[in-house]
Amino acid sequence: MKYILLFLVCLFFNFSYAQPDSLYIKEKKPIYTGPQWTQKNKASFDLSEVAFVNWNSGGSNSISGLLGLKSKLDYKDKFFVWKNNVEVRYGVNKQEARELRKTDDLFEVNSNMGYKPDSLSNWFYSARLNFRTQLTNGYNYPNKEVPISRLLAPGYLFFGGGMEYGKNIDELSFYFSPLTLKATFVLDEDLANVGSFGVTPAVLDTNGNIIIPGEQIRTEFGVLVTNSYEMELAENIIVKNQVSLYSDYINNFGNLDLDWRIDFDFKVNSFVRATLGSHLRYDDDVKTQTPSDIEGEFDVAGAKVQWKQFLGVGFAVDF
């Protein structure tokens with residue numbers, strides 16, 4: 001797994017730095033007009049539906065919806081950059097003769113502050129905060145009796161400081177933090193007691209009674225490297241690449257947690273747009289389960305790569 005992750009690291013940083021010529025061909029030097037606050041809000045709704053009537057090839061009627069809300073508040077002057085955003089996404093799917101299922105669930109807050117001592121420099125002393133969790137219970141469908149995740153179970157907090165490079169920081173950014181706190185919250189007793197998401201599980205006696213409850217917060221200190229790159233591939237087609245790599249100094253240093261996302265935004269007009277995206281994750285603390293030799297029980301297996309792909313057509317409104 002380490003070799004695969006190392007290959008991905010090389011691939012994406014090469015991608016980022018192979019593109020700057022195309023990114024800066026259209027660059028226009030901005031005219032400084034003083035400190036600026038900018039705020040942008042966007043609401044979006046994607047809908048997909050399929051229906052069958054006497055369709056001889058067969059199929060199930062289904063409908064899916066994805067609601068997204070994003071708010072950004074940024075400050076910029078000659079020396080300081082402070083970028084903040086909050087994003088909420090929630091999606092559901094309903095198929096014929098099947099229960100309503102969740103397809104997406106995210107609540108995320110980001111804050112990034114940068115300072116450069118020289119107005120002509122492209123390097124910033126930077127501090128970053130990221131927090132994300134989900135809003136509703138998650139299940140291993142079709143079993144809806146036992147949640148496998150909840151609000152703040154898990155929740156993730158990253159906070160650290162380092163250096164950030166950005167000639168045009170809104171489009172190209174490379175960030176390196178040699179000391180970043182990662183906190184994993186599992187604020188649910190049942191999930192904490194079984195050691196979900198890497199927290200220390202409960203200690204049981206021979207009768208299965210809990211002697212010491214499972215820990216609900218796991219803290220790590222490690223190194224974080226991120227890279228983001230945004231460009232216009234063609235008119236009304238924008239691609240954004242974001243990759244994040246984290247390794248804990250104490251627990252198996254060199255074993256990388258990977259979060260890599262690529263999004264294509266196709267603008268049809270001022271309101272209608274289509275999106276195509278890929279989201280890849282690997283976290284060594286998130287273990288999988290395999291059926292045990294004992295019926296109805298499961299054994300803990302190793303971590304696996306998580307991947308999500310999505311395609312949607314819908315409406316987006318800026319306000």
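The values are calculated or read from the model by the stated rules, or taken from the named source; none is laboratory data. This is a predicted model, so every value here is computed, not measured. Using ideal geometry, Cβ is built from the backbone for each residue, glycine included, and neighbour counts are taken over all protein chains shown. Surface accessibility is based on the protein's heavy atoms, side chains included, excluding ligands, DNA and RNA. Shrake-Rupley method; radii C 1.70, N 1.55, O 1.52, S 1.80 Å.
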request  = Averaging sequence separations of C-alpha pairs under 8 Å and six or more residues apart, then dividing by the length of the range 175-319, give the relative contact order as a whole percent.
outcome  = 16
inquiry  = Given 20 °C and 1.002 mPa s, compute D for the range 223-282 with the Stokes-Einstein relation, Rh being the Kirkwood radius over Cα pairs; round to the nearest whole µm²/s.
reply    = 162
query = Of 94/308; 42/83; 116/182, which pairs sit farther than 20 Å apart, going by alpha carbon to alpha carbon?
reply = 116/182
ask   = With θ set to phi - 60° and the Karplus curve 6.51 cos²θ - 1.76 cosθ + 1.60, what are the ³J(HN,Hα) couplings of the range 99-113 in order, to the nearest whole Hz, using x for Gly and Pro?
value = 5, 5, 10, 7, 10, 7, 7, 8, 10, 9, 10, 10, 9, 9, 10
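Let's see if you can work this out: charge +1 on each Lys and Arg Cβ, -1 on each Asp and Glu Cβ, no other charges. What is the dipole magnitude of the chain about its Cα centre, in debye to the nearest 20?
Using Cβ point charges on Lys, Arg, Asp and Glu, the chain gives about 1180 debye.
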key: Whole-angstrom gap from the range 252-270 to the range 179-208, using each part's C-alpha centre   = 28
ask   = Which Cα, out of 127, 56, 249, lies furthest along the positive dipole direction of the chain (beta carbon charges, K/R +1, D/E -1)?
value = 127
query = Taking springs between alpha-carbon atoms closer than 10 angstrom, which of 241, 193, 56 fluctuates most in the Gaussian network model of the chain?
reply = 56
key: Sulfur and carbon atoms: percent of accessible area, the chain [1.4 Å]   = 60
query = When the label point is put 7 Å from the Cα of residue 152 along its Cα-to-beta-carbon vector, which residues of the range 82-122 have a backbone N closer than 20 Å?
reply = 86-89, 105-111
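Is the C-alpha gyration tensor of the range 91-206 telling us rounded, prolate or oblate? Criteria: a/c under 1.5 is rounded; beyond that, a/b larger than b/c is prolate, otherwise oblate.
Numbers: a/c = 4.60, a/b = 1.81, b/c = 2.54.
Oblate, because a/c is 1.5 or more while a/b does not exceed b/c.
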query = How large is the accessible surface per residue of the chain, computed with a 1.4 Å probe and reported in Å² as a whole number?
reply = 61
task = Determine the calculated [θ] at 222 nm for the chain from helices alone, applying -39500 (n - 2.57) to every DSSP H run no shorter than 4 residues and normalising by the residue count; nearest 500 deg cm²/dmol.
result = -2500 deg cm²/dmol
